1. Counting every Cα pair in the chain, what percent are over 41 Å apart?
2. Using unit Cβ charges (K, R positive; D, E negative) and no other charged atoms, how large, in debye to the nearest 20, is the dipole of the chain about its Cα centre?
3. Trypsin sites (Lys or Arg not before Pro), restricted to region 223-317: which are DSSP loop and have at most 13 other Cβ atoms within 10 Å?
4. So if R0 is 41 Å, what FRET efficiency would Arg28 and Leu384 give, r being the distance between their Cβ atoms, rounded to the nearest 0.05?
5. Taking +1 at the Cβ of each Lys and Arg and -1 at the Cβ of each Asp and Glu, which of Phe167, Asn272, Leu238 sits farthest along the dipole of the chain towards its positive end, judged by Cα position relative to the Cα centre?
6. Work out, step by step, the length gained on full extension between Asn239 and Arg188: first 0.36 nm times the residue separation, then minus their alpha carbon distance; give nm to one decimal.
7. Tell me, what is the FRET efficiency for Ser254 and Ser101 to the nearest 0.05, using R0 = 56 angstrom and their Cβ-Cβ distance as r?
8. Please list, in chain and number order, the residues 5+ apart from Leu282 or on another chain whose amide H is under 5 Å from its amide H, with Hs placed from the backbone.
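Bear in mind these aren't lab numbers, they're just calculated from the coordinates by the rules spelled out. Note that the structure is predicted; figures quoted are calculated from it, not measured. Here the Cβ positions follow ideal geometry from the backbone for every residue, glycine too, while neighbour counts run over all protein chains shown.
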Amino acid sequence: MGYGRAPHILIVGGGYVGMYTALRLARRLRKGEATITVVEPNSYMTYQPFLPEAAAGNLEPRHVVVPLRKVLKSCRVVSGSVFSVSHERRTAVVQPPLGDSFDLAYDILVMCPGSVARTLPIPGLAEQGIGFKSAAEAIYLRNQVISRLDAAASAVDPAVRRRALTFLFIGGGYAGIEALAELEDMARDACSFYPDLNPAEMRWVLVEATGRILPEVSLAMGLYTVKQLEHRGIAVKLNTRVESLVDGRVVLDSGERFDAGTVVWTAGVKPNPVLTRTDLPLDERGRLRATAFLQVDGVADAWTAGDCAAVPDLTKGDGATTGPSAQHAVRQAGRLAENILAELRHQPIRPYEHSYAGSVASLGLHKGVAEIYGIRLRGWPAWLMHRSYHLSRVPTLNRKARVVADWTLALFFRREIVSLGSFADPRAEFRRAATGSPDAVGAPTATAPVAGVVSADSEAAAHRS
């Protein structure tokens, strides 16, 4: 492998794998040994395990994201999306936020664009649903839940009030359970500020197509979580599918029908679609075929890891691959960086091997479940384990200090209960004034749960705040 000059390493994606790989490489590379470019649509990496706490108001949303340019000072960070990759020509086509696309040449490719929400062709889902993978969605959901309480408190029509106070979550994995539990906990606390609202009026529904939730933990811990949620009045519907969400009218395959003012989709992920626009080998699930050394199978100078890669799990035998978790992604990034360095220096590379340590999940303030190395924890100890583990994993000392500061302040002050609904459409009030709309200029903007409309504006508002 001779390049005749310092090789150019292109890292596609600035998530767990992309950022940690770039960070390790930047720290270990000798001067002039290689150059690094990271291409990522956002200018930051999101620490997703903290999104539920950000949505519940326990953490400032800006503290769960890590600015890439601040962390990767010796790397070139390009804001844009990789549209396609021709590894045969060692060229990626990059689409920036403004202007025309351009070709970006490289010598070594690290393909780690991550995953996107795996949706189903359910009528009304695209119009009514929102995911839970970004800081923008977490901010939006917090505003949405509180704005529904505001709307219900002033509604005179019982049907309108009932719809506003009905929250549907689809998917019983970690993302869905934590988002549901944290937001319900926040909403229950917020009801103390609404004399006209009784927490019992709220209806929180979890729909899961399989027969259990939290498949990452033991069946006993999954059952414990179901009982805890039901004890809080949350309806858990297992072996149930959603057939329609048109106009917010929920139709389940059991025949049950009800109206929901908020629909959250957390039913799994799939590899980023950009992988289909490359000349790299994919498996039957659309993931990059990878070796245990984190190389793209059969392709020179191409590496991969994380959600988009089918990495063999050496701890489980033939055919098993590592799961799409932050635990694996962070560790794979470290091994990936070390292997690239070894390859550059003509040293032997090592396979990735890590036994899954376990899982932790928050179920709201001072509530949680955890299963670490076979040890099961519940309630407050599990919640403390959840916070301790993720605090140790969130990148940079700066972010760790900010997270601890947020948690410390929360010991002395209650959560802020306010909906900044204008984040969904920040130009609405100015537009009414400029066009002479008959609507009252100071009237609040309704917050409709339409993921495709609110995400970009919400994200922009989040980073202006």
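1. Numbers: 21693 of 107880 pairs.
When all Cα pairs of the chain are counted, 20 percent exceed 41 Å.
2. Numbers: 53 positive and 46 negative charges, 272 e Å.
Dipole about the Cα centre, nearest 20: 1300 debye.
3. Details: sites: Lys227, Arg232, Lys237, Arg241, Arg249, Arg257, Arg277, Arg285, Arg287, Arg289, Lys316; in loops: Arg232, Arg241, Arg285, Arg287, Lys316.
In loop regions of region 223-317 (DSSP not H, G, I, E or B), the sparsely surrounded trypsin sites (Lys or Arg not before Pro) are Arg285, Lys316.
4. With R0 = 41 Å, the Cβ-Cβ based efficiency is 0.75.
5. Asn272
6. Between Asn239 and Arg188, full extension yields 15.6 nm more.
7. It comes to 0.75.
8. Distant-sequence amide H within range of Leu282: Arg289.
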